[in-house]
Amino acid sequence: MTTTSTQVAIIGAGPAGLALASKLDRLGIDNVVIERRSQEYVLARIRAGILEQTTVDFLKDIGAAGRLEQEGIPHHGVRLAYNNRIIPVGLGANTGGKVVTAYGQTEVTKDLCDLRAASPNPTVYEAENVSLHDFDSARPYVLYDEQGVTKRLNCQLIAGCDGYHGVSRVSVPESAITTYEKVYPFGWLGMLADVPPVSPEVLYANARRGFALCSMRSWTRSRYYIQCDPDDKVENWTDDMFWDELKRRLPDEVSDNIQTGPSLEKSIAPLRSFIAEPLRFGRLLLAGDAAHVVPPTGAKGLNLAFSDVHYMSEAIAAFTGDGDEDALSRYSERALARVWKTQRFSWYLTNLTHRFSDDPFDQRVKEAELAYVTTSQAGLQMIAENYVGMPL
Ligand code: RFL
Ligand code: PHB
């Protein structure tokens with residue numbers, strides 16, 4: 001077995017792990033990233049599309065925003081649709097000028113990988129049997145297999161950035177962790193197609209047949225979603241079936257103008273709300289989907305990963321620089337305060353826009369709530385403030 005050491009072992013090369021690695025590079029803190037999959041696999045995942053300003057600022061700060069500044073599309077508003085009507089919700093107008101930016105997670109990950117490629121600190125892809133040890137002591141370490149050889153990485157801290165299905169959170173003894181979970185009785189069927197987006201801003205539609213969402217990756221590439229059965233299979237949906245169902249759920253003025261075309265990708269994602277508390281276990285810190293999952297309504301998951309990394313990098317700097325142990329616990333408190341508020345908004349918007357049952361009463365109450373929040377200044381402001389993201 002070969003043994004090496006670093007200051008921070010980062011588990012996972014998704015957006016949270018790569019963003020943390022680059023931030024630590026800038027702070028002069030040594031780190032190693034250990035990822036289970038290949039780089040090609042990581043770069044092929046199609047997920048989020050909407051970045052809060054704080055996420056854009058973070059990417060600028062670490063020097064990963066060059067392409068984003070050229071290609072990202074600012075959205076000054078978001079749209080809610082119900083009962084064949086579209087209600088624009090001004091983001092800038094209701095938040096003193098804040099906006100969100102359409103720029104795919106795939107592109108963010110590529111930019112972060114390119115930045116990482118120039119780092120003197122290593123990234124290990126296709127690491128097998130990753131396991132975390134002794135993080136309740138001052139000498140934690142990580143074991144993993146690389147091309148059949150077992151490696152040991154000694155470190156001061158472990159950052160668990162390995163997503164919902166990762167090894168970090170489940171390494172914590174059950175008695176030390178509290179989890180909260182809500183699994184929704186539906187999923188999202190997503191489709192990517194090279195057709196111009198029908199709506200210049202993200203449109204969330206509550207329809208009696210179920211939720212639909214119109215988004216974009218560029219002015220020539222659209223991303224659409226429809227609520228589906230969580231056990232449904234992509235193979236059950238031809239492109240024509242998808243387009244037909246999408247159109248049925250959108251107001252006439254949208255469906256009459258939608259341009260259809262062959263899908264580049266289709267996938268089904270389950271929806272859940274999940275939080276693990278705290279985010280610090282001795283020398284192990286959790287960030288991003290490893291610690292919490294939000295339903296995608298509201299576009300918050302990726303953004304939460306970045307706000308965690310912002311708080312975590314401050315804590316790591318205080319710990320490695322000044323030996324400030326308390327900073328690690330403050331990380332957990334600061335990050336969780338923002339996570340719970342964001343979790344609330346994602347849950348709220350999911351309830352407001354999705355079909356949970358066949359009961360017409362439920363649907364009418366949602367329509368009444370939509371009528372209320374979209375005609376009340378306070379309601380519009382609440383949606384806009386949350387959509388652009390809580391301040392750090
Ligand atoms: P990731 O992206 O899951 O990355 C974790 C990485 O860890 C690796 N890994 C391991 N590595 C080593 N050892 C192990 N044992 C490991 N186990 C796993 C994995 O291979 C992976 O590379 O987590 P991270 O970095 O925390 O990032 C979170 C975001 O990816 C996620 O929150 C967003 O995609 C959520 N999300 C959205 N977020 C937004 O902010 N805006 C959106 O518009 C948005 N839309 C979405 C979404 C998620 C979706 N799906 C598919 C769940 C739309 C969808 C459909
Ligand atoms: C996306 O563009 O993929 C997207 C946009 C808004 C959401 C979720 C996903 O709430």
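Some notes on this structure:
- Cα gyration tensor of the chain - equivalent ellipsoid semi-axes, whole Å, descending: 38, 22, 20
- Antiparallel DSSP beta bridges within segment 1-118, as percent of all bridges there, nearest 5: 75
- Residue among ALA368, VAL32, THR238 farthest towards the positive dipole end of the chain, charges placed on Cβ: ALA368
- Extending 7 Å from Cα along the Cβ direction at TRP340 and again at GLU71 yields two label points whose distance is 3.9 nm.
- For segment 233-248, 3J(HN,Hα) computed residue by residue from phi via the Karplus equation (6.51, -1.76, 1.60; θ = phi - 60°) reads 10, 4, 4, 6, 10, 6, 4, 4, 4, 4, 4, 4, 5, 4, 4, 4 Hz, glycine and proline entered as x.
- Each Lys and Arg adds +1 at its Cβ and each Asp and Glu adds -1 at its Cβ; summed about the Cα centre, the chain shows a dipole of about 500 debye.
- Dipole axis of segment 43-129 (+1 Lys, Arg; -1 Asp, Glu on Cβ), positive-most option in VAL89, GLY63, ALA48: VAL89
- Between ASP358 and ARG85, the FRET efficiency from the beta-carbon distance, with R0 = 25 Å, is close to 0.60.
- Overall form of segment 11-55 per C-alpha gyration tensor (a/c, 1.5; a/b vs b/c): oblate
- Segment TYR125..ARG209, full-extension length gain: 25.9 nm, with 0.36 nm per residue of separation and the alpha-carbon distance subtracted.
- Seen against the Cα atoms of the chain and their longest principal axis, helix 105-117 is set at about 20 degrees.
- Ordering 308-319, 200-211, 242-253, 112-123 by mean Cβ neighbour count within 10 Å, with the highest value first, yields 308-319, 200-211, 242-253, 112-123.
- Of interest is the spacing of the C-alpha centroids, which for segment 186-230 and segment 28-93 amounts to 17 Å.
- Structure-based [θ]222 nm, the chain - -39500 (n - 2.57) summed over DSSP H runs of at least 4, per residue, nearest 500: -11000 deg cm²/dmol
- Extended-chain gain in nm, criterion 0.36 nm per residue less alpha-carbon gap, ASP229 and GLN377: 49.8 nm
- Taking amide H atoms as placed 1.01 Å from N in the peptide plane, the amide H of GLY77 lies under 5 Å from those of LEU91, each 5 or more residues away in sequence or on another chain.
- Site pair ASP244 and ALA269 shows an inter-label distance of 2.7 nm when each label is modelled 7 Å from Cα along Cα→Cβ.
- Alpha carbon centroid spacing (whole Å) that separates segment 259-302 from segment 107-126: 21
- Ranking LEU80, GLY104, GLY14 by how far each Cα lies toward the positive end of the dipole of segment 1-137 (charges on Cβ) leaves LEU80 at the top.
- Cross-link pairs beyond the 27 Å C-alpha cut-off, checked among LYS98/LYS182; LYS110/LYS300; LYS233/LYS300: LYS98/LYS182
- Karplus (6.51, -1.76, 1.60) ³J(HN,Hα), θ = phi - 60°, over segment 291-300, in Hz, Gly and Pro reported as x: 10, 7, 10, 10, x, x, 4, x, 6, 9
- Label-reachable residues, segment 255-287, where backbone N falls under 19 Å from a point 7 Å from ASN236's Cα toward its Cβ: 266-272
- Three-way shape call for segment 200-273 based on the alpha-carbon gyration tensor, with the a/c threshold at 1.5: rounded
- ³J(HN,Hα), Karplus 6.51/-1.76/1.60, whole Hz, each residue of segment 216-222, x for Gly, Pro: 8, 10, 6, 6, 10, 10, 10
- Model label points for ALA44 and ASN351, set 7 angstrom from Cα along the Cα-to-Cβ axis, are 3.9 nm apart.
Every number here is computed from the coordinates shown, using simple stated rules; none is lab data. Because the structure is predicted, anything quoted here is derived from the model rather than measured. As a convention, Cβ positions derive from the backbone with ideal geometry for all residues, glycine included, and neighbour counts pool all protein chains shown.
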